[in-house]
Amino acid sequence: MTQIETLNQILQDRYSCRAFLPDPVPDADLTRIIDTARHVPSWCNAQPWQVEITRGSATDRLRDCLMAAVQSGTPAPSPDLDWPTEYRDEYLDRRRTCGFQLYSAVGIDRSDREGRSRQMLRNFCFFDAPHVAIIHSPAQLGPYGAMDSGGFVTAFTLAATALGVATIAQAAIAAHAPLLKQQLSIADDRLILCAISLGYADKHAPANSFRTDRAGTDDIIRWHDT
């Protein structure tokens, strides 16, 4: 198999895992994931990403704090990066399709708002993953630091996949940036970008039974010859 074929296979094997086994990932494998991901390119080689990884009781503590905050509504969500102003056209279609696939897989009717809310809450317990990684970058680097860190997140999830470790990148958790900073002693001059829950997939869980489609190359490329 050529290198491009290997990369393509890893990309296709990666998916957003929404049900994990409780077994922890060895520290050596967690370190190896980071060691691989750190080679991604960045603006002026700034390498702005930093990673907080929880283990054991630290995961449970953060999970409990987030669930309590979300269920009580206090404090209100306060992300460091603004949410998208809206989804429309093909972006709205893709978002809806992904959501409907998930609800169908776990047996939630589209009209069941309570069931959909319960499924949304699963984000904040990390889908029972034994680890969560919080990705942050310097506030002074703004969107460029965030863009660079996006490349790191991609490499992180691919490296994990190559080691048999499942992941899901989560923006929902980043909505509680002040809580994350307090609980993990992250400086106020850092931007919380996203979380990545990770561990070993529960391959029998219905939430892991579907895969999302991808736009074709004709939908992405515009050729310019003159």
Residue list for the stretch 129-140, filter: in contact with a Leu (Cβ under 8 Å, 6 or more places away or on another chain) and either surrounded by fewer than 15 Cβ atoms within 10 Å (Cβ to Cβ) or part of a helix (DSSP H, G or I) (or both) = Ala139
Mind checking which residues of the stretch 70-105 are touching a helix residue (DSSP H, G or I) at 6+ places or on another chain (Cβ under 7 Å), among the hydrophobic types (A, V, I, L, M, F, W, C) and within 21 Å of Ala139 (Cα to Cα)?
-> Leu81
Can you name the number of the only condition in (1) of a type in the set (A, V, I, L, M); (2) outside any strand (DSSP E or B); (3) within 21 Å of Ile33 (Cβ to Cβ) that Leu121 fails?
-> (3)
Taking the stretch 34-69, which residues are under 19 Å from Ser137 (Cβ atoms), buried (at least 17 other Cβ atoms within 10 Å of the Cβ) and small (Gly, Ala, Ser)?
-> Ala37, Ser42
What residue, among those in the stretch 56-87 that are of a type in the set (Asp, Glu) and without any contact (Cβ under 8 Å) to a residue 60 or more places away in the chain, is nearest to Ser117 (Cα to Cα)?
-> Asp64
The correct count of residues that are under 24 Å from Ser149 (Cα atoms) and not hydroxyl-bearing (Ser, Thr, Tyr) in the stretch 187-212 is 12
When the stretch 181-211 is examined, which residues are found to be out of contact with any Phe, Trp or Tyr (no Cβ under 9 Å at 6 or more places or on another chain), part of a helix (DSSP H, G or I) and touching a residue at least 60 places away in the same chain (Cβ under 8 Å)?
-> Gln183, Leu184, Pro206
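Bear in mind these aren't lab numbers, they're just calculated from the coordinates by the rules spelled out. Bear in mind the structure is a predicted one, so any value in this text is a computation, not a measurement. Backbone-built Cβ (ideal geometry, glycine too); neighbour counts: all protein chains shown.
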